[in-house]
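Structure first, then comments.
The values are calculated or read from the model by the stated rules, or taken from the named source; none is laboratory data. This is a predicted model, so every value here is computed, not measured. FYI the Cβ positions are ideal-geometry reconstructions off the backbone, even for glycines, and counts take in every protein chain you see. To get the accessible areas, we keep the full protein, side chains included, count just its heavy atoms, and leave off ligands, DNA and RNA. Shrake-Rupley method; radii C 1.70, N 1.55, O 1.52, S 1.80 Å.
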Amino acid sequence: MHTRSQWLSTPLRVSLVYVLAGGLWVVLSDQLISLLNLSSAITIHSTKGLFYVLVTSVLFYFWLKRLKKALTESEERYRILVEHLPEPIVVHSEGKVVYINPAGASVFGAQHPEDMIGRSIIDFVHPDNLEWAREKLRLLIQTGKPSNTYEQSYLRIDGQMIDVEARAVPITYLGKPAVQLLCKDITERKRAQRRLEESEQSYKSLVEHNPDAILSLDLNGQMLGINSAAERITGYSKEELQRQSFLRFIHGTDREKALYQFEQAAGGVSNNIEVTLTHKQGESVIVNLKMVPIIVDGKIEGVFGIAKDITEHKRTAELLLKSEKLSIVGQLAAGVAHEIRNPLTSLKGFVQLLQMKTGGFREYFEIMLSELDRINCIVSEFMVIAKPQVVQFEIKDLRKILQDVIALLDTQAILNNVQIHSEIDEDIPLIHCEENQLKQVFINILKNAIEAMPEGGDVVVQMKADEGSIDIRFVDQGCGISEERLALLGEPFYTTKEKGTGLGLMVSHKIIEGHQGKLQVQSQIDVGTTVHLHLPILQPHSLHPSKPVAT
């Protein structure tokens, strides 16, 4: 930067040079004219020429002085602008900081700009960016062109890291090549960005690893975002679910209430309902569906659907309810069975006595005896439920047990125009079981199959061994059972037969459970019913003979 005397002497020096050059021109030009004998043709007075040069030099002096003043004022305004600029400006030459404005000093943690002057610019570059910064500086000097805006991490004087958005411009400073850095502190912005990214990652982790299905729906009910749990619960892939209406996967009977709840959520009201979804494999899945509005900047942009699979929970609740019913039945049976059986014996005896001594009422007596026998049968089944007892499991041939039952019921089947066909594999292993209990189960199932075909038909019995278990299937061609009634089979006093008690299948369930197996029933109206039995091939130590099992 020039001193004040330098600024003042510059116009004067220019004026003096102009006077000297002008005076020499006037004197020398006159001598030249005299030497060439041109004085008769051209008359030039040296005084007039000198006066002209003096006047013009004065004009030049004031003009240059005014020009320098304007330049000085411009540089002063520029200096004030740079000094008070809120954005950092750093100039470094030959690797050293030669100028920095107060904003730059503040960003780098210096109390005064002078604290930064003379320090190596490399000392402030973050070690992770050191090689990159050196290469960028080399290319900048080599090309001589300003760089594009870039982001870089620097270290403050106190060692704290800051993020800066910068643009490097090659300049000449005090006659030497230098680089001017136009900087912007973006540390807070980067921190906010990192917090946002962390928040987004946390949100994605919460959604993706959530055991509940999470659906992001637009205001038309179409699915935009789906997590992995939604794929597992529905059986469909994300690609198959994308842009599909969520109502498509809800069971028909629940669609109307699901649509109503969606409209409520789209209006800003969160809600919670139970609906049934249809799995890709055709199975029904019961879910607890929460619907929450998606609000962005005070405006509802869509709806979150959160579906929790409660199928097993519902089944467990149903099993618990069934268990409570069984407990009640057992208590009722224990208290009533004995009280009923003794009067029944007396009534039956007196009815038979009256039948022998009284004529003309034979049909009535037969009806009375038949009904008494039916009451006695119900009481007997009560006793089976009410009196659990210790049973002894033994090694038995399941093929022989089933064949004996088929032979026992074959006559009854023929009388009802029913044919029993057995398909029993030869390599069925021996199992530990209670023979009489399994016979009771087989008899109950086969009698149900025969009675389900009043017009006759075929019953197919299949048995095969499969990886640690024996599978038995009873397939009939009866009238079938509806889906609603099928769900109630096995409950006390629920039956599909006109004279049934509903206790036979319940007892069969308990026997199979006592053998650690499973009993499943599948049926279709006007097609028939299939009963599946799965009995594990258990070792003796896996069973508990001392455990009470209903017989």
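Does Pro170 qualify as being touching a residue at least 12 places away in the same chain (Cβ under 8 Å) and over 30 Å from Ile286 (Cα atoms)?
Against the criterion (touching a residue at least 12 places away in the same chain (Cβ under 8 Å) and over 30 Å from Ile286 (Cα atoms)), Pro170 qualifies.
Enumerate the pairs (first residue in segment 218-232 and at pLDDT below 90; second residue anywhere and of a type in the set (Asp, Glu) and assigned to a helix (DSSP H, G or I)) with beta-carbon separation below 9 Å, excluding pairs fewer than 6 apart on the same chain, so at least 6 apart or on different chains.
Asn227/Glu208; Ser228/Glu208; Ala229/Glu208; Glu231/Glu240
For segment 200-297, which strands (runs of 3 or more DSSP E) that fit wholly inside it have 1 or more residues that are surrounded by fewer than 16 Cβ atoms within 10 Å (Cβ to Cβ)?
Because the criterion is at least 1 residues that are surrounded by fewer than 16 Cβ atoms within 10 Å (Cβ to Cβ), the strands (runs of 3 or more DSSP E) in segment 200-297 that meet it are 223-226, 271-278, 284-296.
Which condition number does Thr316 fail, the rest of (1) at pLDDT 90 or above; (2) open to solvent by 70 Å² or more (accessible area, probe 1.4 Å) being met?
Tallying (1) at pLDDT 90 or above; (2) open to solvent by 70 Å² or more (accessible area, probe 1.4 Å), Thr316 fails exactly one: (1).
Which residues, taken from segment 285-316, are in contact (Cβ under 8 Å) with a residue 40 or more places away in the chain and small (Gly, Ala, Ser)?
Hits for segment 285-316 are Gly302, Gly305, Ala307.
Return the only residue of Val527, Val460, Val521 being within 19 Å of Ala449 (Cα to Cα), modelled with pLDDT of 85 or more and out of contact with any strand residue (DSSP E or B) (no Cβ under 7 Å at 6 or more places or on another chain).
Result: Val527 is the single residue among Val527, Val460, Val521 that is within 19 Å of Ala449 (Cα to Cα), modelled with pLDDT of 85 or more and out of contact with any strand residue (DSSP E or B) (no Cβ under 7 Å at 6 or more places or on another chain).
Please go through segment 241-253 and pick out each residue that is in contact (Cβ under 8 Å) with a residue 12 or more places away in the chain and either over 19 Å from Val292 (Cβ atoms) or touching a helix residue (DSSP H, G or I) at 6+ places or on another chain (Cβ under 9 Å) (or both).
Listed by number, the residues that qualify are Leu241, Gln242, Arg243, Gln244, Phe246, Leu247, Phe249, Ile250, His251, Thr253.
Could you figure out which of (1) in contact with a Phe, Trp or Tyr (Cβ under 6 Å, 6 or more places away or on another chain); (2) more than 17 Å from Ile89 (Cα to Cα) isn't true of Phe124?
Unmet for Phe124, out of (1) in contact with a Phe, Trp or Tyr (Cβ under 6 Å, 6 or more places away or on another chain); (2) more than 17 Å from Ile89 (Cα to Cα): (2).
Could you grab me the full set of residues in segment 173-199 that are open to solvent by 90 Å² or more (accessible area, probe 1.4 Å), of a type in the set (A, V, I, L, M, F, W, C) and touching a residue at least 40 places away in the same chain (Cβ under 8 Å)?
Hit for segment 173-199 is Leu174, nothing else.
Filter segment 402-418 for residues that are assigned to a helix (DSSP H, G or I), more than 52 Å from the chain's Cα centre (by Cα) and among the hydrophobic types (A, V, I, L, M, F, W, C); which is modelled with the lowest pLDDT?
Taking the candidates together, the pick is Leu408.
For segment 362-395, which positions are modelled with pLDDT of 75 or more, surrounded by 13 or more Cβ atoms within 10 Å (Cβ to Cβ) and part of a loop (DSSP other than H, G, I, E, B)?
Phe393, the sole residue that qualifies.
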